[in-house]
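This report concerns only the one structure given below.
Please treat every number below as a calculation from the coordinates, not as lab data. Keep in mind it's a predicted model, so treat the numbers as computed, not measured. Cβ placement follows ideal geometry from the backbone for every residue including glycine, while neighbour counts extend to all protein chains displayed.
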Amino acid sequence: MNLQNFGPRELQNGTLDRMLEQVGIDDVSSFVNKFRNTVEKDVDQKQQQDEDMTVRNAGPGQKSGPDWMSMGTSLFKQFAGGKGQQQQSSGSSGGAADYLESAQKAYNMFSGKGGSSGSSSGGGLLDSIGDTYKNVQQMHQLYKSFDKNGDGKVTAEDLQMILTQIGLGSVSPYLAKGLFKAVDTNHNGELDFTDLMALTSILQKLSGQFGGGGRGAAAAGGGDEDLAEE
């Protein structure tokens with residue numbers, strides 16, 4: 001079973017769970033929570049380092065600057081797409097860089113890619129997200145382009161278009177739907193950027209194991225009416 005041929009029957013009969021188990025993911029909710037916690041913790045550490053540097057550079061009698069450590073979680077929420085996303089423009093560019101670097105680091109860690117090129121058959125941006133900061137910026141810009149109302153979220157309908165843009169256009173829409181529902185741990189029908197990065201790290205693992213998701217493959221068949229059924 002490759003990523004292209006995953007159909008409505010596989011969506012219903014537990015095939016996705018078995019595929020995930022084969023790449024070491026027994027519980028998607030736990031995987032996503034660990035991914036999110038790893039990003040948030042790394043952001044906090046970066047903010048603490050910024051604060052320490054500010055304190056060292058401050059002269060006698062000068063203010064040491066903002067309490068970056070206390071702001072770490074707030075910045076994570078801003079740039080991850082949580083509360084405060086619509087105030088993102090008022091955040092620091094350093095905060096954005098810290099968040100994206102942390103998301104990139106988590107992607108490499110959880111996808112098993114480790115920043116090496118060509119480890120999956122996905123191709124496109126999927127294979128290079130973790131390679132450079134510029135690539136994770138590109139992923140974030142793509143995510144924002146589908147966030148039409150600026151609330152920091154994308155929907156299941158957006159996901160298939162995003163997958164096309166990152167070189168996984170032939171991934172079955174049934175598989176995309178199944179993964180979206182699995183990663184949407186609060187069941188609100190939306191994913192933020194951290195969720196999306198966790199989902200792409202899962203796809204990197206699945207693509208490496210099962211193949212069949214490259215840009216050049218034919219688009220998977222299947223009627224939209226089946227996708228609409230819950």
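In this calculation the C-beta distance from ASP27 to THR155 is compared with R0 = 25 Å, giving a FRET efficiency of 0.60.
Over 18 Å between C-alpha atoms is what I'm after, so list which of LYS134/LYS205; LYS34/LYS205; LYS153/LYS205; LYS41/LYS148 land there. Listed pairs above 18 Å: LYS134/LYS205; LYS153/LYS205; LYS41/LYS148.
Projecting label points 7 angstrom from Cα along Cα→Cβ for MET1 and ALA96 puts them 4.1 nm apart.
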